[in-house]
């Protein structure tokens, strides 16, 4: 039986992963592999992981999402996680879970705008302000 896959949409040089289903360990592991393969193609300047459809995040899945974002950044693709529901955010805080080194935004619109400020249009990744810090980093 094949593992469920989360679609990865390419839009204007960005990869958008909108998770609209419950995540299992197997699904999130497959997502990491799929995102790594999409980043390896080298044509993406940014990645947005939209968690607006996720009701529950356990510690493993939270860590896996963080690892996915860090992995993409190591591959040269700036990443923003967005769409955490208030109840999910509160639960993560209560559990002591953090997303160090991961940029976050309230929603998809703000995530895309943040990526645009991180990578000015038309500049190659290595000339687009590498290493600049952003106030949206969690």
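Would you list the helices (runs of 4 or more DSSP H) that sit entirely within the stretch 24-112 and hold 1 or more residues that are closer than 20 Å to residue 8 by Cβ? First the steps, then the outcome.
Values: elements: 25-40, 59-74, 86-94.
Those helices (runs of 4 or more DSSP H) span 25-40, 59-74.
Going through (1) over 24 Å from residue 25 (Cα atoms); (2) in contact with a strand residue (DSSP E or B) (Cβ under 7 Å, 6 or more places away or on another chain); (3) surrounded by fewer than 20 Cβ atoms within 10 Å (Cβ to Cβ); (4) at pLDDT below 95 one by one, residue 106 falls short only on (4).
Among the candidates 73, 66, 30, the residue that is over 12 Å from the mean Cα position of the chain (by Cα) and surrounded by 15 or more Cβ atoms within 10 Å (Cβ to Cβ) is uniquely 30. The single residue among 91, 62, 79 that is modelled with pLDDT of 95 or more and within 28 Å of residue 4 (Cβ to Cβ) turns out to be 79. Against the list (1) within 23 Å of residue 107 (Cβ to Cβ); (2) surrounded by 13 or more Cβ atoms within 10 Å (Cβ to Cβ); (3) modelled with pLDDT under 95, the condition residue 20 fails is (2).
All told, residue 55 meets the bar of being surrounded by fewer than 19 Cβ atoms within 10 Å (Cβ to Cβ), touching a residue at least 24 places away in the same chain (Cβ under 8 Å) and within 18 Å of residue 98 (Cα to Cα).
The values are calculated or read from the model by the stated rules, or taken from the named source; none is laboratory data. Not measured: the values here are computed from a predicted model. Cβ: placed from backbone, ideal geometry, glycine included. Neighbour counts: every protein chain shown.
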